[in-house]
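So the structure is just underneath, and the comments pick up after that.
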Amino acid sequence: FLFPLTLPNSYHFGYIEIHPPKLLCPHKQFNLYRNANGYFNNSEQLATVDYGGRYHNKHCDSNRKQRVAIIVPFRNRTEHLTIFLQHMHSFLIKQNQIDYQIFIIEQADDKPFNRANLLNIGFQESLGLEHEIDCFIFHDVDILPLNIEQTYSCTKLPKHLCSYLDKFRFVLIYPTLFGGVITISKEQFRHVNGYSNLYSGWGGEDDDFYQRIKHNFGLIERYPQNVARCTMIKHGHEGQSNVERQKLLANVLDRISTDGLSTLNTTYVRKSIEFYPLYTKIQAILNE
Ligand code: BGN
């Protein structure tokens, strides 16, 4: 009996570890130059991004390429946004696997930050602009990928990216962690009714979403530790934490069908949509 040469995907508590998918197009050959702080920034490549922050590589027109929306919840982090846009465009253009557009969803009010509500809004508003989007990457503005082998695209199941952060010494802090950066298909996101809209303030909304995914699909995916490496831009406090989060997390499954995309229109009004060279900005005012 010979041990198989290629090991199958490995199972862990709460997730399955997968290898990055086979490349659809080769990585581009240019250098990922670094700015003074070490973040990627190739200005020549940034000039090839279309207005509104869309990038579509005409030279490798694989018809299996996914149309992807990168959805970034945002408020008052302009210095992070500049770094994020330069780093992400440089990285994604080099990686060369998807046709994507970056959408910044700004909470244009002074109420506690509601990350999950903003992600739902980004889903709905980006689809309103670009019907062909089939894959969503929900992305914090302060997290940046370090390894070009960490492929940004949707795979079979919803997937956690950036599981291994420098801030946590590249250790997975708990096996069901599903915050920071995730990928999910349009159909899967609709199937779980999106995120809960009820988590205002910091924490818990990603754990709620994990439960929705676990309940409907059984597992999430991750890439291996040497692949899913990311850095977090250093900053101060996270803002007001949500004191209700434990209570909300106690009855996640009861709320799946009554709290999410199905009730989204009652939670916000759209204030504006603006197109900038490296991104599309959508401002929303939340009702609560
Ligand atoms: C967890 C938070 C997550 C957050 C991670 C990483 C909660 C729920 C407590 C019952 N969960 O503790 O939202 O993404 O830390 O910072 O606070």
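The values are calculated or read from the model by the stated rules, or taken from the named source; none is laboratory data. Given the structure is predicted, the values throughout are model-derived calculations rather than measurements. Using ideal geometry, Cβ is built from the backbone for each residue, glycine included, and neighbour counts are taken over all protein chains shown. Only protein heavy atoms, including side chains, enter the accessible area calculation; ligands, DNA and RNA are left aside. Shrake-Rupley method; radii C 1.70, N 1.55, O 1.52, S 1.80 Å.
Quick notes on this one:
- Taking Lys and Arg as +1 and Asp and Glu as -1, the other residues whose beta-carbon sits under 10 Å from that of V252 total -1.
- Computed accessible area, K271, all protein chains, 1.4 angstrom probe, square angstrom: 120 Å²
- Annotation for the stretch 109-131 versus the stretch 214-288: alpha-carbon center distance of 8 Å.
- Per-residue 3J(HN,Hα) values for the stretch 184-198, derived from phi via the Karplus relation 6.51 cos²θ - 1.76 cosθ + 1.60 with θ = phi - 60°, read 7, 6, 4, 5, 4, 5, 5, 4, 9, 6, x, 7, 5, 8, 8 Hz in sequence order (x marks Gly and Pro).
- For the stretch 83-237, the spherically averaged projection of the C-alpha convex hull amounts to 9.2 nm².
- The GluC sites (Glu not before Pro) of the stretch 96-182 that meet both conditions, a loop assignment by DSSP and at most 12 other Cβ atoms within 10 Å of the site Cβ, are E132.
- Legend: Rg and Dmax of the chain, from Cα coordinates, 18.4, 65 Å.
- Lys, Arg +1 and Asp, Glu -1 on Cβ, resulting dipole of the stretch 44-109 about Cα centre, debye, nearest 20: 260 debye
- Calculated from backbone phi, Karplus (6.51, -1.76, 1.60) coupling profile of the stretch 161-168 in Hz, x at Gly/Pro: 9, 6, 5, 10, 9, 4, 4, 9
- Amide H partners (placed H, <5 Å) of V49, local residues excluded: none
- A simple count of charges around G14, restricted to other residues whose Cβ falls under 12 Å of its Cβ and scoring Lys, Arg +1 and Asp, Glu -1, yields -1.
- When you restrict to C-alpha pairs under 8 Å that are six or more residues apart and normalise by the size of the stretch 166-288, the relative contact order lands at 28 percent.
- Considering only L46, I282, L249, the residue lying farthest towards the positive end of the dipole of the chain is L46, judged by Cα position with unit charges set on Cβ.
- Net charge in the neighbourhood of H59 (other residues with Cβ under 14 Å of its Cβ; Lys, Arg +1, Asp, Glu -1) is +2.
- Built amide H within the under 5 Å cut-off of Y279, gap 5+: G52, G53
- Helix content alone sets the calculated 222 nm mean residue ellipticity of the chain: runs of n ≥ 4 DSSP H residues at -39500 (n - 2.57) each, divided across all residues, give -6500 deg cm²/dmol.
- The order of E221, E187, E17 by accessible area, most exposed first and with a 1.4 Å probe, is E187, E17, E221.
- The stretch 122-225: Lys pairs at Cα distance under 15 angstrom, eight or more positions apart or on different chains: 4
- The mean of 1/r over all distinct Cα pairs in the stretch 115-197, once inverted, gives the Kirkwood hydrodynamic radius of 13.8 Å.
- Computed 3J(HN,Hα) for the stretch 201-213, one whole-Hz value per residue from the Karplus formula 6.51 cos²θ - 1.76 cosθ + 1.60 where θ = phi - 60°, is x, 6, x, x, 4, 6, 5, 4, 5, 4, 5, 4, 5, glycine and proline marked x.
- Debye intensity ratio I(q)/I(0), log10, the stretch 82-145, q values 0.13, 0.21 Å⁻¹ (C-alpha model): -0.41, -1.01
- Per-selection Kirkwood Rh - the stretch 231-288 (Cα, Å, 1 d.p.): 15.1 Å
- DSSP finds beta bridges in the stretch 27-144, and of those with both partners inside it, around 25 percent are antiparallel.
- Under a Gaussian network description of the chain, with springs only between Cα atoms under 10 Å, the residue in G260, G218, G122 that fluctuates furthest is G218.
- Assuming charge only on the beta carbon of Lys and Arg (+1) and of Asp and Glu (-1), the dipole of the chain about its Cα centre is about 540 debye to the nearest 20.
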